[in-house]
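> Pasting a structure here, questions to come.
The values are calculated or read from the model by the stated rules, or taken from the named source; none is laboratory data. All figures in this text were calculated on a predicted structure; none of them were measured in a lab. When we count neighbours, we look across all protein chains shown, and the Cβ atoms used for this are built from the backbone with ideal geometry, even at glycine. Surface areas here come from the heavy atoms of the whole protein model, side chains and all, with no ligands, DNA or RNA. Shrake-Rupley method; radii C 1.70, N 1.55, O 1.52, S 1.80 Å.
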Amino acid sequence: MPIFLVVEGKNDRSRIRRLLTSDITILCTFGTLNTAKLESLHKQVKDHEVYLFMDNDSSGKKIRGALRDVFPDAGQIYTRRGYAGVEGTPDEYLIAQLEKAGLEEFIIYPPPDEF
């Protein structure tokens, strides 16, 4: 069964893509949402498992709120306040959050010397 992860920007997607296998489809809002974008995301995800991983800022919270209405059963993944969004979050923290969400079987762990 497909699993989707929705992020805000293309840099967020690139950052997360390095850490997850291709079994996870990463979709991007490109920082904005409108009715057409929400419908497009809903058509792609359908009734499959979906996680939302937004920045911990006002824009990210607004986007998460809109997506939560479309995907009420979505898993919620958070980055820590103070990091420069998902793209500026250290790999070890991203990995910890992905593990917390139960996605450890899809994580590509970096070699230990990279931590």
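> Is one or more of the residues making up the stretch 10-17 in a loop (DSSP other than H, G, I, E, B) and either among the aromatic types (Phe, Trp, Tyr) or out of contact with any helix residue (DSSP H, G or I) (no Cβ under 7 Å at 6 or more places or on another chain) (or both)? Quick ask: steps written out before the conclusion?
Initially, the stretch 10-17 is screened for residues in a loop (DSSP other than H, G, I, E, B), giving none.
The answer is no; no qualifying residue exists.
> Here's another thing I want to ask about it. In this structure, does PHE4 turn out to be open to solvent by 10 Å² or more (accessible area, probe 1.4 Å) and in contact with a strand residue (DSSP E or B) (Cβ under 6 Å, 6 or more places away or on another chain)?
When the stated conditions are applied, PHE4 passes them.
> Of the residues LEU98, LEU41, which single one is modelled with pLDDT of 95 or more and either among the β-branched types (Val, Ile, Thr) or open to solvent by less than 10 Å² (accessible area, probe 1.4 Å) (or both)?
LEU98
> Only residues that are more than 12 Å from the chain's Cα centre (by Cα) and among the polar types (S, T, N, Q): list them for the stretch 68-89, please.
THR89
> Any chance the stretch 62-74 includes a residue that's at pLDDT below 90 and either farther than 18 Å from ARG13 by Cα or exposed (fewer than 12 other Cβ atoms within 10 Å of the Cβ) (or both)? Explain how you work it out, then say what you get.
Start the filter on the stretch 62-74 by keeping residues that are at pLDDT below 90, which leaves none.
Among the residues of the stretch 62-74, not one is at pLDDT below 90 and either farther than 18 Å from ARG13 by Cα or exposed (fewer than 12 other Cβ atoms within 10 Å of the Cβ) (or both), which makes the answer no.
> Which of (1) at pLDDT 95 or above; (2) loosely packed, with under 11 Cβ neighbours inside 10 Å does SER58 not meet, given it meets every other one?
Every condition holds for SER58 apart from (1).
> Got at least one residue in the stretch 53-73 being in contact with a Gly (Cβ under 7 Å, 6 or more places away or on another chain), aromatic (Phe, Trp, Tyr) and not in a helix (DSSP H, G or I)?
Looking for residues that are in contact with a Gly (Cβ under 7 Å, 6 or more places away or on another chain), aromatic (Phe, Trp, Tyr) and not in a helix (DSSP H, G or I), one finds none in the stretch 53-73, hence no.
> Now for a different question. Of (1) over 18 Å from GLU99 (Cα atoms); (2) surrounded by fewer than 17 Cβ atoms within 10 Å (Cβ to Cβ); (3) of a type in the set (Lys, Arg), ARG18 satisfies all except one. Which?
(1)
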